[in-house]
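Taking it in order: structure first as structure tokens, then the write-up.
FYI, it's all coordinate maths here, none of it is from the lab. Keep in mind that what you see is a predicted model, and the values were worked out from it rather than measured. No Cβ is skipped: glycine too gets one built from the backbone with ideal geometry, and neighbour counts run over all protein chains shown.
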Amino acid sequence: MSNRRRLKRDSRASREERRKREHREKRKLFRSMQQKLIIFFAFVVAALVGLGFRVAYLSHAKGTEYSKQVLMQQRYDSRTLPYKRGEILDANGTKLAYSEKVYNLILDANEITESRKEDALTETMSALSKCFQVDTIELTQYIKENPNSQYYVVKKRIPYEEVDPFLSAKEENASICGVWFEEEYKRQYPNNTLASSVIGFTGTDNNGTYGLEEFYNSTLNGSNGREYGYLSEESTLERTTIPAQDGNTLVTSLDANLQAIVEKYMLEFAAEHRGEYREGEDGVKNMGVIMMNPKTGEIMAMADYPSFDLNDPKNLSTFLSEEEISAMDDKATYDYLNRLWRNYCISDTYEPGSVAKSLTVAAGLDSGKLKGNETYFCGGKMNVSGHEIKCHNHAGHGMVDLSGALEKSCNVALMQIGEQEGKDTLMQYLYNFNIGLKTNVDLSGEARTNTLVYNPENMVASDLAISTFGQGYNVTMIQMISAFCSVINGGKYYEPHVVTQIRDSMGTTIKKIEPRVLKQTISATTSDTMREYLTNVCITGTGVTAVPAGYEIGGKTGTAEKQPRGTGNYVMSFMGFAPADDPQVVIYCVIDEPNVADQPHSTFAQEVVKKILTEALPYLHIYRTRELTEEETEELSSLNLLENPGEPEGEEGQESDAEAESQDGESEGQEGEGDPEGEKKPGSDFAIDPETGYPIDPDTGELLNPNSYSPVDPTSSDLDGLEGVKNDPSQTTDQQGYEPSTNNNDSNSSGVGAGSSIGGDSVDIQYNPDSLRGGNSESSDFGAGAGF
Amino acid sequence: MAQRRKRREKRVVHFFDYTLLLLVLFLLLFGLVVLYSVSSYEANIKFGDGAYYLKKQIIATALGLVGMIFATVIDYHVWNKLALWVYIFSLATVCLIPTSLGREYNGARRWLEIGGVSVQPAEIVKLGVIIFVAALITGIGRGIKNRKAFGVIVGVAAVPTLMIFLITRNMSSAIIIFGIAAVMLFMADPKYLRYIGLVLLVIVIAVFAVLIIQKKAESRQGEGTGDFRQSRVLAWMNPEAYASDDSFQTLQGLYAIGSGGLFGKGLGESIQKMQLPEAQNDMVFSIICEELGVFGGLCLIALFGLLLQRCLIVASNAPDTFGALLVVGVMGHLALQVILNIAVVTNTIPNTGVTLPFISYGGTSVIFLLAEIGLVLNVSLRTRVTERV
């Protein structure tokens, strides 16, 4: 027991001892650890102090240098943020022109060469060729030759759809580098050729050319934004972004649908006559159609022929063959493009012809020189101060009243009216109708005609005589339609315009362009009378061809022989309004030198107008007021324009009726629909000329117009009487200097100065009064643009 | 008996290092403010949200604080028993990196993504090594003096070091992991000579490596810089010559430090943060110097010094070897990261990606650092004041 106890005690003692020893050991270990801890901590503190000194040293020794470095490498450069050019909308909000964001692909060769990734070049190149189809061999060569280049434009104007896949490829593959994109806007014309001359186009520089784009250039353009860095007062870098101010949007009175209708039929006409008479030439030399709202002066449609693709305005391949294009030198190409781009409706001048008779008669009525009950005798010609001026109907119209003078478009009657009015009254009224003045339509390129009209002081009797029926002075289409609108709308002359609203980039209207009445040209009563007369023209007169089935319209035809006279070249026109009692729309169609053997028939223009109105009037919610004939019903059904084809039969064929009754022809041209006065109805028994398909007059053997049965031989022009009147084609219109004039030909007889052209390219005819006087002593006046 | 009772009475008085807690909380708060200042510019450009990095870091910090409380409350001796499992677990996370769970950022595959949360296993390994080495040394006890024990510890440290280096190609983390183990071994082993020898060896190898790289670069001359570690060494020696590429970050960091002046440009006024990509990571100290000046930088260094000093006190008063070694490990971890980070930023050593504890952006890092701080607080909590006296 004791032994055990001793043992126990021993073990306890030894255990105690062991524990003590362990404790000692532990203490020793602890002491050594504490020692080492202190040593370690000392090292740490030494290191920290050393680093502290290093920081202080860096700041002290290199502070100035590094501060400079920091400021130097800041980007103070500024980056331009492009603005978005405003849109051009039609009256219904259809986009005619808009700007789309595109991207320029920029290569930073330096970033690729400096890249740590070995496959940077190959990866980037393969991505580029995959996404943008660029020539990677060329690019690799470029990078090799210019390893430090940082800005190289690889491809311009890439749409976002192409950029997007590349960006996602770049996201996935870190090796792709050194490529970035610069933003830009590209002008888009979704309807390509629609209203091309009216809209105009805009190149890369946001500078509009022609049309609305040029006229409203500053309105459409905004201002570029800028992102830049600068040093503030505390020498800290600030980067500021001034956002781009987007351009304003134009809302126009154009109606894209109307415009399309108009252009469709113009194209149809031109195609129909392509190469018909003049081998290899287009169907017309020039052609223009304007539709205008007579109650506001808003232009609803305006088109000239040919139109061009606004998205690719320099592309001539649709007009010319490749050989022709390559044969043209720079100047020829330039000339051709200018002809193509310019707007015939406002930039070209021509003699208006018989359409102007409406102005002459309105002037007479309004001035009181005419009572309205006058009658005139037309014997087919009239002698004016020694010149025999013929009516287009050589047989004469017999007795005509005022309305008849317009209906038959009788030159002789008009010349007598002119004598009654006197030159001062007529010229005053023409001036009031803005003839010779700019209309200030909001389109770029409107021609100046102030030198192309008569000056009353210098006018002689023959000048007065021919100007009553629209020869001898020049107008533009826009002048003519604006003047005509005032004749039929109660005498209010509205400033023609295309833009009705200007909106800012947010869509808020910032300017509304209200209809602007410039003057009262004639009284409302005179206007009512004129409307009545002009309606008669389309019921019984020369304008029946233009009447669309089921409608009652008014209008006036025109055929003007071009200078030089006697070459058989004419400008055909028709000015119409519908409906006759309350005009909602005025349409003016001018065809310059159709490519036909026999030009002077205003029916060319009338047919185009008829087709346009047939489709356009229902679209404009102008409803038929007359019942349709069976023939018309069929015709409309074939055009799919009839709501219910089963409409009751209309009265007897209006057109054929009118044709038969109409006895006059057109003004100067001896087309016109009328037969000689009092003649029998045109018979179907006439022999048909096998070559032209025209009927042959059994009495005279002349070819007759199949519509009007009037002689078609241009050599027997009613302008025969003007043979003594010589032309000076060198007098050209001022076309805002688009093109230097090159035509100084043919001043044969009087030798009137031919070098006085004023920088226009118009080949429009000009009537030279000097030659009438038989002398050229005043030619210098004329040449200097002093006018008539 | 009486003595025992007396002891028991006195044991009630616990030592808790409030100074350490306060220091850590201050560093955390300061870190968040600086992080927002540094990262908001880049976050705005990249994510359209200036607080993008801040928000993520706040969430990580909150998680870390919860972890810290756990680590403080749970008796640290638990870890002595679980040490091997913690170690194996941490190594397992590294092994997951090459699998489909691994994630690559900025061309380096160092992250795991589990349930939408990315974790950096290297940070877990650091804690694992601290706990396992501490437990191992405690278990070996006196035998630590033996060469065999030395070899075992080095081997235990070498496994995760090599794994991190080979799997994640992350040399800086590897160095830190090995460094932590080395520091702990140095503390536990009463001997000096072998450690002095070891340090000298490392220095000699480093110098030779630098010389060889320099020689190689001279003979190559302009044919590219080859391996990025070599080029980093070259860039370190002559930052201006490699300004466009390899030493871009370092040089921009130096510019930041140099341009800050004595009191800096003011909080949030840094220009260089727009130049330095990912300034909120490794280069955050340079931006602090730019915004708060040399003064701010030195204050931060001093704060870290104080933090380490608290660790020193807790370690030297630890109730047992395991506790002391844990604290030593944490201390070594903190010291190595702070010193390496600031040394890199000031271009004192070649560039290697070491983050600044509590300040740099990084969720895993802050969570595990706070857990480690929790361990230190735990050890301090179990320190009996009487024994101290």
Here the relative contact order (percent) of segment A:179-226, from C-alpha pairs under 8 Å and at least 6 apart, is 23 percent
5 Å is the cut-off here: which amide hydrogens, built 1.01 Å from N in the peptide plane, fall below it relative to A:Lys186, excluding neighbours closer than 5 in sequence? A:Glu100, A:Lys101, A:Val102
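Using the per-residue mean of other Cβ atoms lying within 10 Å as a proxy for protection, in what order, highest first, do the peptides A:292-301, B:80-89 fall?
Most protected by this proxy first, the peptides run A:292-301, B:80-89.
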Taking the Cβ of each residue in A:Asp348, A:Asp424 as the centre, tally the other Cβ atoms inside 10 Å and list the residues starting with the fewest. A:Asp424, A:Asp348
Between the modelled labels at B:Ile59 and A:Ala46 (7 Å from Cα along Cα→Cβ) the distance in nm is 4.5 nm
HN-Hα couplings for segment A:91-105 via Karplus (6.51, -1.76, 1.60; θ = phi - 60°), in whole Hz with x for Gly/Pro, come out as 4, 9, x, 5, 6, 9, 8, 8, 10, 10, 6, 10, 10, 9, 8
Would you mind putting A:89-102, A:470-483, A:161-174, B:124-137 in packing order, based on average other-beta-carbon counts within 10 Å, highest first? A:470-483, B:124-137, A:89-102, A:161-174
Output ³J(HN,Hα) for segment A:49-57: one whole-Hz value per residue in order, computed from phi by the Karplus curve 6.51 cos²θ - 1.76 cosθ + 1.60 with θ = phi - 60°, and x for Gly and Pro. 4, x, 5, x, 5, 4, 4, 4, 5
Rounded to whole Hz and in sequence order, give me ³J(HN,Hα) for segment A:537-550 from the Karplus expression 6.51 cos²θ - 1.76 cosθ + 1.60, θ = phi - 60°, writing x for Gly and Pro. 4, 8, 9, 10, x, 6, x, 5, 5, 7, 6, x, 4, x
Over chain B, what is the mean sequence separation of C-alpha contacts under 8 Å (at least six apart), divided by residue count, expressed as relative contact order in percent? 29 percent
For A:Gly283, which sequence-distant residues (separation of 5 or more, or a different chain) have an amide H within less than 5 Å of its own amide H, given hydrogens modelled in the peptide plane? A:Arg274, A:Gly275
List the residue ranges in chain B for DSSP H helices whose C-alpha atoms run 15 angstrom or more along the long axis and whose Kyte-Doolittle average is 1.0 or above. B:18-47, B:52-73, B:77-95, B:121-140, B:147-168, B:171-188, B:193-220, B:284-316, B:321-345, B:363-381
Reachable lysines, given that their alpha-carbon falls under 17 Å from the alpha-carbon of A:Lys519 and they are not under 8 places away in the same chain: A:Lys295, A:Lys438, A:Lys492
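Taking a 26 Å limit on the Cα-Cα distance, which of the listed pairs A:Lys101/A:Lys130; A:Lys95/A:Lys285; A:Lys84/A:Lys144; A:Lys84/A:Lys285 fall beyond it?
Numbers: A:Lys101/A:Lys130 22 Å; A:Lys95/A:Lys285 30 Å; A:Lys84/A:Lys144 37 Å; A:Lys84/A:Lys285 38 Å.
A:Lys95/A:Lys285; A:Lys84/A:Lys144; A:Lys84/A:Lys285, as the Cα separations exceed 26 Å there.
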A:Ala271 to A:Met328: extension gain in nm, 0.36 nm per residue of separation minus the Cα-Cα distance? 18.1 nm
Connecting every pair of Cα atoms under 10 Å apart in chain B and solving the GNM, the largest mean-square fluctuation among B:Ile114, B:Ile167, B:Ile97 falls on B:Ile114
Quick check: Cα centre of segment A:484-502 to Cα centre of segment B:269-339, how many Å? 83 Å
Whichever lysines have a C-alpha closer than 23 Å to that of B:Lys216, once near sequence neighbours (fewer than 8 apart) are set aside: A:Lys117
Sparsely packed trypsin sites (Lys or Arg not before Pro) within segment A:439-518, loop by DSSP, other Cβ within 10 Å at most 14: A:Arg516
Between B:Arg103 and B:Arg384, what's the calculated FRET efficiency when r is the beta-carbon distance and R0 is 60 Å? Round to 0.05. 0.85
Which order do peptides B:45-52, B:29-36 fall in by mean Cβ count within 10 Å, highest first? B:29-36, B:45-52
Can you pull the one-decimal nm distance between simple spin-label points at A:Arg18 and A:Tyr142, each 7 Å off the Cα toward Cβ? 8.6 nm
Could you list B:Cys299, B:Cys311, A:Cys177, A:Cys378 so that the one with the fewest beta carbons within 10 Å of its beta carbon is first and the one with the most is last? B:Cys299, A:Cys177, A:Cys378, B:Cys311
Return the long-range amide H neighbours of A:Phe308 (sequence gap of 5 or more, or a different chain), with a cut-off of under 5 Å between placed amide H atoms. A:Ser196, A:Ser197
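Would you mind checking A:Lys381/A:Lys408; A:Lys36/B:Lys126; A:Lys264/A:Lys610 for any pair whose Cα atoms are more than 19 angstrom apart?
Details: A:Lys381/A:Lys408 14 Å; A:Lys36/B:Lys126 22 Å; A:Lys264/A:Lys610 13 Å.
Violating the 19 Å Cα-Cα cut-off are A:Lys36/B:Lys126.
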